[in-house]
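> I'd like to ask some things about the structure below.
The values are calculated or read from the model by the stated rules, or taken from the named source; none is laboratory data. This is a predicted model, so every value here is computed, not measured. Here Cβ is always computed from backbone atoms with ideal geometry, including for glycine, and neighbour counts include all displayed protein chains. Just so you know, the surface numbers come from the protein's heavy atoms only, side chains and all, with ligands and any DNA or RNA stripped out. Shrake-Rupley method; radii C 1.70, N 1.55, O 1.52, S 1.80 Å.
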Amino acid sequence: MPAQRPQAAFEPIPPNIDVPALVESTPNFEWVVRIPCDAIYEQGLENFEKLVRLHVITGGKPLVVEGYDTRFEKWIFAEQWLRDNLSSKSEVARNLTAKTNIPLSIGHYLSNMPMLAEQITPQNFTEPTRQRIYLKDIDCPDVWHEKLRDIIPPFLFYMNESTLDPTYLSQDFAKAGDLMSSLPTPMRAENLMCYIGHEGTYTPCHQEMCATLGHNIMVETSTGTFEHGKRTKPGSSIWFMTETKDHHLVSEYWSSILGHDIDLEDHFAQISAWKAAPFTTYVVEQRAGDFILIPPLAPHQVWNRGTRTMKVAWNRTTVETLEMALEEALPRARTVCRDEQYKNKSIIYFTLEKYSGLLAAAERLNTKTTKVRHLQKDFKKLYAMFTAIMLSESFSNEFSEESKVEFLPYDSNVTCSYCRCNIFNRFLTCTHCVGKFANGEDDCYDVCMECYAMGRSCGCISNLQWVEQFPWQELVRKHETWGKQISRMQNLKMQNPKEDRYVSLSTERLHLGHRTLAEVCQLELMRRPWVDITKHTFDEREGLDSQDDEDDQGSGDERRVKKRKVHPRDKLAKEQARCHICKALEPTWKLAFCLTCSLHYCYGSLFRAFEIKPQEVMQTYRWECPRCRKICSCGACRRKFTTQPYEPKGLTLGHDTRKVADPRSVEALVNFSHSNIGWLKKAGDGTSDSTRRLQRHQAEAEQAKMQEAFAVQDDDALFVEQPVQNGYSNTESTFHDGVPIDPALGGPPAAPSHNFDIYDPSVHLPELAARVHQLTQSSAVHGLTRSEEEILRDAAAIRFEMPSGNRLHVDLTQDVTTDGNATYGIDPGLLQTTIGGENGALPRAANHIPVVQSKSRPRKNKGQLVVRLRLGQEHMHAIAQTYKDQPSPNAATIITSDILPFQDEPLPTPENSRKKRRRGEKDDDFKVWRKGRNPPQTLETDHHPENGDKRRRAVRIANYYENSDLELSDGV
C-alpha cells in the first residue's frame with residue numbers, strides 16, 4: 001500500500017493578498033527577471049536567442065518578457081470577441097472543488113464568471129465548498145494563433161520550423177525552434193491551448209511534460225471596470241516557480257515534508273510551504289502582456305485572481321529538452337504511468353532525417369555560418385541519442401537471431417499498455433491477451449521493453465512475441481549514413497578529409513560494457529514462466545505450475561521407463577530460494593543472484609532498500625550483491641564493523657499503478673505501490689523532521705549551480721574569464737581614500753550588486769544573462785540568509801491533514817468529536833516539539849536547514865509546536881471513524897452545464913467508476929478473459945493471418961480520465 005502519512009492540505013490564497021509585500025518580506029522569495037519586449041527588437045533576435053539559451057535552458061531560470069499588451073489588437077484579444085465568435089462552442093471545464101468535468105459553452109461560462117469571482121471574498125475564501133470552475137486546455141482560436149505568430153519571436157513560437165529571421169530572405173540554413181515540427185503532421189501533438197479562469201482557480205504544482213520548455217502569455221484580463229452592467233475585479237495570475245537545478249530538492253521536499261508526490265501533480269502548495277522551503281522561489285504576478293518562459297523540469301504552480309484571466313500556452317521541444325527527457329523525465333513518467341504525448345524518440349529520428357538534408361545542402365553550397373555551426377552541433381547531439389536508442393534495441397549476439405519478429409508499419413499510435421509511453425520501434429506483444437474494441441478492432445496487449453524489464457506485463461508473464469515498426473537493417477543503414485556525415489564534417493573542420501572517424505553500431509555494441517535492454521528482455525523471456533490465464537493453476541506465491549506434473553506423466557506407452565518420483569521439497573529447493581533481506585521464499589526468476597557469494601536478493605528489497613532497479617541488475621554481466629559491496633542494511637550485516645549500510649537518498653511514497661494501467665496487467669517482480677519509509681527509519685532518516693535527505697539534495701543543487709556559474713561556455717559564449725589572483729577574480733580595482741590598493745591584498749570581492757536597470761538601453765541582453773549568472777554564483781556561495789527560527793516558524797504554519805479512504809480528508813489541526821457530548825482534540829503529548837540546544841539555542845544545521853530532535857520529550861516553556869504529528873494507529877482510526885459516515889458537503893453551485901439535457905447525469909469522470917473509459921475503449925465493450933472466465937469466441941481470422949489482415953494497433957489515448965489532474969497543467 002502507498003504510505004499513509006499526513007499530507008499538506010490545500011489552502012487557498014486570500015483575494016486581498018499583497019504580492020510585493022510578500023516577496024519583500026520573505027528571504028527565499030525573488031522576483032523573476034523581466035525584460036521589455038522593445039529591447040528584443042532594438043538589439044536583435046540573435047542576442048535574445050542567446051539570452052534564452054543561457055538564462056532559461058542552460059541556467060534553468062524563468063524569464064518574463066513584458067509589454068506585449070501594447071502590440072495586441074485589443075478588439076481581437078478580448079472577452080467580447082469570444083462572445084461574438086465562439087459563444088456557442090462546447091468545451092469541457094474542470095470543477096476543481098469536486099474534481100469533475102462540466103461540459104458547457106464558452107458563452108455560458110463567460111456570462112457566469114463575475115458571479116464565480118464575487119463568491120470568493122476575504123471572509124470566506126477558505127471554505128472548501130466554494131465553486132472553482134476552470135476552463136482550461138481548450139483549443140486556441142485560429143485568429144489568435146495567427147496574430148500571436150506575428151508578435152512572438154519566431155524561434156519561440158509554436159511549431160517553429162526554422163530559427164531564421166523571416167523579415168529578410170537568406171540562403172542560410174538553421175535549426176528548428178520546435179523539434180515537434182519535424183514530425184509528419186498526423187503524428188504531431190497539438191499543444192497550443194487557452195486557459196480562462198476566475199478568482200480562486202489554480203493549477204497544481206507540476207513540471208512541463210517531457211521536460212519541454214513552457215511558454216505562457218497573458219492576452220487579456222478584467223480591468224476593474226463595468227462590463228455588461230457588472231463591476232469586475234482586476235485580473236492577474238500569481239506564479240510560484242523554481243529553477244531546473246533545484247528540481248530534485250523540490251521533489252524531495254514535496255514527498256518528505258508535504259507528503260505529496262510531485263510527479264502526480266495533484267497538490268497546490270500553501271504559501272507557508274513555499275516560505276519554509278530550502279530553495280529559492282521565483283514569484284511572478286502575471287498581467288496582460290506578460291510572456292513567461294518556463295525552464296524544463298522546473299516545478300511551478302499558478303493561482304488566478306480577479307474576475308477574468310485569459311492565457312495562451314504552448315510547449316517547445318529542443319535538443320536540450322530531449323536529453324533531459326530521455327535521462328529523467330520519461331523514466332519518472334513511466335513510474336507513475338503518465339502519457340508520453342510528445343513521442344520523443346520519434347522526434348529524434350525524424351529530426352535527424354531533416355537536419356541531414358539541410359547539412360547536405362549547406363555542404364553543397366559551401367555555407368559556413370553561425371547558424372550552420374549550431375545546426376551541426378545539434379545534429380551531433382541527436383545522433384548520440386539515436387545511437388543510444390539503437391543500442392538499447394539491439395538483440396544479443398550470443399543467441400540465435402530472432403526469427404519470429406512481427407513487422408508493423410510505424411504510425412506513431414503504438415503505446416505501452418502499462419505505462420502508456422509511446423513506442424518507437426521494438427516492443428513485446430501477447431497473442432493470448434487480445435481484447436476487442438467497440439468498433440471491432442483488436443485491442444492488443446503491447447508492453448515496452450523498459451516495463452517488461454521492470455517485471456510489468458500481462459498475466460501470461462512470458463511467451464510474448466517481438467514486434468518491430470522499422471526494418472532493422474534500414475535503421476542500421478541510416479545510422480551509418482548519418483555517422484559518416486558527421487565524420488565528414490569533423491574532417492573538414494580539422495582539414496583532414498581522408499581520415500574515417502565513423503564508429504559502426506556493432507563496434508559501439510562491443511564497447512558498451514553491459515547488456516542491452518533488448519538482450520535483457522530476451523533473457524527474461526527464457527527465464528520467466530508462462531502462465532495460461534485460461535487455466536488458473538499457477539500459484540503466484542510459489543511460482544509453480546501444477547501442469548508440469550501432468551506433462552511429466554507417461555504417454556501410455558507400455559515400454560516407457562519408470563521415472564524416479566521427485567519429492568516436492570527437492571523441486572522447491574531447485575526452483576526457489578530465500579531473499580537475504582526479507583527471508584521470503586521466492587521463485588528463482590524473481591530473485592537476483594550474486595555470482596560472488598551465491599546469495600539471492602528479491603527485486604523489491606533491492607528497489608526500496610538500495611534504490612536498485614531490476615533492469616540495472618539484469619544489465620550487469622557479473623552482478624555484485626550489496627553484502628559483497630559492504631553496503632547491506634540487513635540486521636546481520638549491520639552488526640559487522642566492516643559494513644556501511646546504504647541509506648536511501650530519497651523518500652518513495654509508492655504508486656498504485658493498477659488504477660491507471662491496463663486491467664490485464666500485473667507486476668511480477670516489484671510492487672511499486674510500497675513505500676521505502678521503513679528503510680529510511682532504519683537509517684535514522686525516516687521521521688518527518690529529519691533533514692539529512694534535504695541537506696544532501698540542497699548541497700547537490702548548490703554544487704550544480706556553482707559548476708554552471710563557473711562553466712566555460714561554447715564558442716559563442718558571452719562570459720569572459722577574468723584574471724584570478726589570490727584565489728579571487730580581479731573584476732574591479734579596490735580603493736582606499738582614493739588610493740588604489742593591490743588586488744592581491746584586497747581579499748574577496750563584494751557580492752555582485754542587484755540594482756541594475758534592465759530598461760537601460762546600454763544593457764546588452766546577453767550581458768543581462770551574465771549578470772544574472774553572477775547573482776546565482778553569489779547566492780550559491782552565501783546561501784539563504786534566514787535564521788532557523790524563521791524557517792521553523794514558517795514550517796509550523798503549514799496545515800496538514802490525513803487522507804482517508806472515503807475521499808474525505810481529516811484535518812489534523814482541528815478538534816474532532818467522537819460522540820455527542822465529549823470533544824477530543826489532538827493530545828499535545830502527541831505533538832513533537834522543537835527543543836532548544838545548549839542555552840536554549842536551536843541546534844545548528846548545514847545549509848540553513850534546521851535539525852529537529854525527534855526523540856526529545858515535550859517541554860512547556862521551550863520550543864514551539866510544529867505540525868509534525870506522531871499519531872498511533874488507534875488515534876488515527878478514531879479520527880478517521882468520525883468522518884467515515886459523514887456525507888460530503890454540498891458545494892454552493894453557481895454554474896452548471898448548459899449542454900447536458902439532465903443536469904444530474906454527469907459525464908464519465910473518476911468518480912463514475914462504472915463509466916470510466918480506458919484508452920481507446922468504448923463504454924463497457926472491452927472483452928478479455930481472466931481467471932474463472934470462459935475464453936471469448938474468436939474468429940478464425942484472428943488465429944490465421946493468411947485469412948485476414950494483420951492486427952492493427954488503435955490509438956490508445958482517445959478517451960481517458962485520470963484520478964488526478966495529470967492532464968490539467970498550464971502550458972501542456
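> For a Förster distance of 56 Å, can you work out the FRET efficiency between the beta-carbons of LYS484 and THR121, rounded to the nearest 0.05?
It comes to 0.20.
> From the backbone phi of segment 92-98, what are the Karplus-calculated ³J(HN,Hα) couplings (6.51 cos²θ - 1.76 cosθ + 1.60, θ = phi - 60°) in whole Hz, Gly and Pro given as x?
With coefficients 6.51, -1.76 and 1.60, one gets 10, 8, 10, 8, 5, 6, 8 Hz.
> Let me check the size of segment 231-297 from its C-alpha atoms; what are the radius of gyration and Dmax in Å?
Looking at segment 231-297, its Cα Rg and Dmax stand at 13.8, 44 Å.
> Determine, for each peptide in 408-415, 216-223, 71-78, 112-119, the mean count of other beta carbons within 10 angstrom over its residues, then list the peptides with the highest first.
216-223, 112-119, 408-415, 71-78
> What percentages make up the Cα-Cα pair-distance distribution of segment 344-527 when the bins are 10 Å wide from 0?
Reading the bins upward from 0: 8, 32, 30, 18, 10, 3, 0.
> Still on this structure: What residues have an amide H closer than 5 Å to that of SER417, excluding those fewer than 5 places away on the same chain, when H is modeled at 1.01 Å from N in the peptide plane?
Here the answer is ASP446, VAL447, CYS448, since their amide H atoms fall under 5 Å of that of SER417.
> What Kirkwood hydrodynamic radius do you get for segment 582-640 when you take the inverse of the mean 1/r over all pairs of distinct Cα atoms, in Å?
Averaging 1/r across every pair of different Cα atoms and inverting gives 11.8 Å.
> Right, another one. Cβ neighbours within 10 Å, averaged per peptide: list 247-258, 628-639 in order, most packed at the top.
Highest mean packing first, the order is 247-258, 628-639.
> My understanding is that a pair violates if its Cα-Cα distance is over 28 Å; which of LYS535/LYS583; LYS345/LYS590; LYS147/LYS275; LYS583/LYS640 do that in this structure?
Among LYS535/LYS583; LYS345/LYS590; LYS147/LYS275; LYS583/LYS640, the Cα-Cα distance tops 28 Å for LYS535/LYS583; LYS345/LYS590; LYS147/LYS275.
> Further question on the same structure: For PHE470, list long-range residues whose amide hydrogen, built 1.01 Å from N in the peptide plane, is under 5 Å from its own amide hydrogen.
none
> Taking the Cα-to-Cβ direction at VAL23 and at GLU624 and moving 7 Å from each Cα, how far apart do the two end points lie in nm?
Between VAL23 and GLU624, the simple spin-label model gives 5.2 nm.
> Right, next: Taking the alpha-carbon centroid of each part, what is the distance from segment 626-668 to segment 307-351 in angstrom?
Here the answer is 29 Å between Cα centres.
> Run the simple label-point estimate for ASP532 and GLU353 please: 7 Å along Cα→C-beta, distance reported in nm.
My value for the distance between the label points is 4.5 nm.
> Checking a compactness column here: for segment 76-127, what do you get for Rg(Cα) / (2.2 N^0.38 Å), N being the number of residues?
1.34
> If you take all C-alpha pairs in segment 8-115, what percent of them are over 19 Å apart?
On the way: 4084 of 5778 pairs.
Of the Cα pairs, 71 percent sit more than 19 Å apart.
> May I ask you to derive the FRET efficiency for GLU328 and GLN644 from their Cβ-Cβ distance with R0 = 41 Å, giving the value to the nearest 0.05?
Plugging the Cβ-Cβ distance into 1/(1 + (r/R0)^6) gives 0.90.
> In what sequence, highest mean first, do 54-64, 145-155 appear when ranked by Cβ atoms within 10 angstrom?
54-64, 145-155
> Convert each backbone phi in segment 342-358 into a coupling constant with the Karplus relation 6.51 cos²θ - 1.76 cosθ + 1.60 (shift: θ = phi - 60°), then list the ³J(HN,Hα) values in order as whole Hz, x for Gly and Pro.
Taking θ as phi minus 60°, the curve returns 9, 6, 5, 5, 5, 4, 4, 5, 6, 5, 4, 4, 5, 5, 4, x, 5 Hz for segment 342-358.
> Using amide H atoms built 1.01 Å from N in the peptide plane, name the residues 5+ places from ASN101, or on other chains, whose amide H lies under 5 Å from its own.
The answer is ASN95.
> Using a 1.4 Å probe on the protein heavy atoms only, what accessible surface does ILE196 show? Give it in Å² to the nearest 10.
Looks like 10 Å² after rounding.
> When the accessible area of segment 574-692 is computed with all protein chains present and a 1.4 Å probe, what percentage of it is carbon and sulfur?
51
> Could you give the alpha-carbon Rg of segment 170-224 over 2.2 N^0.38 Å, rounded to two decimals? Numbers along the way, then the final one.
Numbers: Rg = 16.5 Å, N = 55, 2.2 N^0.38 = 10.1 Å.
Segment 170-224 yields a ratio of 1.64.
> Mind listing P(r) for segment 9-61? All alpha-carbon pairs, 5 Å bins, whole percents.
Answer for segment 9-61: a P(r) of 4, 14, 15, 16, 14, 12, 13, 8, 3, 0 percent.
> Counting pairwise Cα distances across segment 62-155, what percent come out greater than 20 angstrom?
The calculated P(r) of segment 62-155 puts 52 percent of pairs beyond 20 Å.
> If you don't mind, there's one more thing I want to ask. Using a probe of 1.4 angstrom, how much of the accessible area of segment 344-527 is carbon and sulfur, in percent?
Taking all protein chains in place, segment 344-527 shows 51 percent carbon and sulfur surface.
> If you average the C-alpha positions of segment 263-306 and of segment 199-244 separately, how far apart do those two centres end up, in angstrom?
Here the two parts' Cα centres lie 11 Å apart.
> Let me ask you something else. Could you pull the Cα extents of segment 574-692 along its three principal axes, largest to smallest, in whole Å?
For segment 574-692, the Cα spread along each principal axis is 48, 44, 24 Å.
> Within the set of other residues whose C-beta is less than 15 Å from the C-beta of TYR621, count the net charge using Lys and Arg as +1 and Asp and Glu as -1. Walk me through the numbers on the way to the answer.
Details: positive: ARG509, ARG515, ARG622; negative: GLU398, GLU519, GLU616, GLU624.
Overall, the nearby charge balance is -1.
> Using the Karplus curve 6.51 cos²θ - 1.76 cosθ + 1.60 with θ = phi - 60°, work out ³J(HN,Hα) for each residue of segment 118-130 in order, rounded to whole Hz, and write x for Gly and Pro.
6, 5, 9, 10, x, 8, 10, 5, 8, 5, x, 8, 5
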